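Structure first, then comments.
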Amino acid sequence: MSTLTIALDIMGGDHGPPVILSAAIKAIQLHPDVHFTLCGDDAIIQSGIQNLTNVERRRVTISHCSQIVEMGEAPTSALRHKKDSSMRRVIELVESGEANACVSAGNTGALLTLSFYLLKTLSGIDRPALINMMPTINHHNVFLLDLGANVNCTPEILFQYGVMGSVLAQEVAGIASPRVALLNVGEEDIKGNAQVKSADQLFKDAPGINYIGYVEGDDIFTDHADVVVTDGFTGNVALKSSEGLAKLVINEVRRQSQKNFYTRLLAKIAFPLLKSIYNSVNPDQYNGASLIGLRGIVIKSHGNAQKDAFYYAIVQAMKEAKMHLPEKIKTKIETVLLEQL
């Protein structure tokens, strides 16, 4: 395939087609070298893109789907009974090679199940993981995984997560030798449960990974590590807690700046500083978790994503497609496994 093609699930998410179509239009207009396949209800999509120019419209394909995977639907139901859903269609396009990557803001469980069923995992990978970037105090990004794909992880799966996260940090952030750490309740060797301790030993025995040991929750944001590995339960809690805190800070700054005439005046003077702070902690720009470990690229957007947040998820899909991420993870896994023999 000569042209980069991104498949978008238009019908997923809490806010539905209006928000996702707006994000899609933004991506179409800002990335003239990319083709987009919009999957969902044909009439809704046609209405939403009617203002595109003829040149822009030629870079869009509509794939009509008669079904929608609901946000609260059981993953098994989506797999068995929604074979013409927009969510399934975008994954099928990746599986067939008609799309280089896909993006959905739909039901997370259903997306994981469908992706695992249709794309399968890479050789040497037991389970895929959700991974995303988060900010640190030095304005670098840290990659955190798993964010909820697997709440129970064996030591071997945690090790595989570290390898995959290391590859993503190398390719996306350009870090030659990413520092990989395990999230734990303390940095001392005596702390942690049996799974974490066993995973720790696997990392120590793998010469191809720059493993630095344990980090605690507050170290996620201190630039202590480039990749932080944990199970999906803990990772999801850490992610949602940090996003909630970021929103609290943003809202508190807004509230305090509007208390009276003097605070409004100070806020106006300090606007460039406040804008910089807002941009650095705004969760929207970090939207777009990668479901890595699969034989294809799947990006999960937050279900409540607005236009700009979903757009960032599309950009993440384009980045990973251009770098052929699954192939590079496969090569790294094979190299690490050989070094362990």
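The values are calculated or read from the model by the stated rules, or taken from the named source; none is laboratory data. Remember, predicted model here, so these are calculated numbers, not experimental data. Positions of Cβ are backbone-derived with ideal geometry, glycine not excepted, and every protein chain shown enters the neighbour counts. Surface areas here come from the heavy atoms of the whole protein model, side chains and all, with no ligands, DNA or RNA. Shrake-Rupley method; radii C 1.70, N 1.55, O 1.52, S 1.80 Å.
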Row for the range 12-118, column shape: gyration tensor on C-alpha, a ≥ b ≥ c, rounded if a/c < 1.5 i.e. under 1.5, prolate if a/b over b/c, else oblate; value prolate
Beyond 26 Å (Cα-Cα) in this structure, taken from LYS26/LYS322; LYS120/LYS319; LYS247/LYS300; LYS26/LYS300; LYS300/LYS328; LYS191/LYS330, we find LYS191/LYS330
The convex hull of the Cα atoms of the range 150-304, divided by residue count, gives a volume in Å³ per residue of 141 Å³
With -39,500 (n - 2.57) per DSSP H segment of 4 or more residues and division by the full residue count of the chain, the 222 nm estimate, nearest 500 deg cm²/dmol, is -15000 deg cm²/dmol
Once both label points are put 7 Å beyond Cα along the C-beta direction, the SER77-HIS64 separation in nm becomes 2.6 nm
Of every hundred units of 1.4 Å-probe accessible area on the chain, the number belonging to carbon and sulfur atoms, as a percent, is 54 percent
Given all pairs of distinct Cα atoms, the chain yields a Kirkwood Rh in Å of 20.9 Å
A convex hull over the alpha carbons of the range 172-229 yields, per residue, a volume in Å³ of 78 Å³
Output ordering of 257-266, 16-25, 118-127, 44-53 (per-residue mean of other Cβ within 10 Å, highest first) is 16-25, 118-127, 44-53, 257-266
Computed over the chain, the relative contact order (Cα-Cα under 8 Å, seq sep at least six) in percent reads 22 percent
In Å², rounded to a whole number, the accessible area per residue of the chain with probe 1.4 Å is 46 Å²
Using alpha-carbon positions, the gyration tensor of the range 73-127 gives root eigenvalues a ≥ b ≥ c; with a/c under 1.5 called rounded, otherwise prolate if a/b exceeds b/c, else oblate, the class is oblate
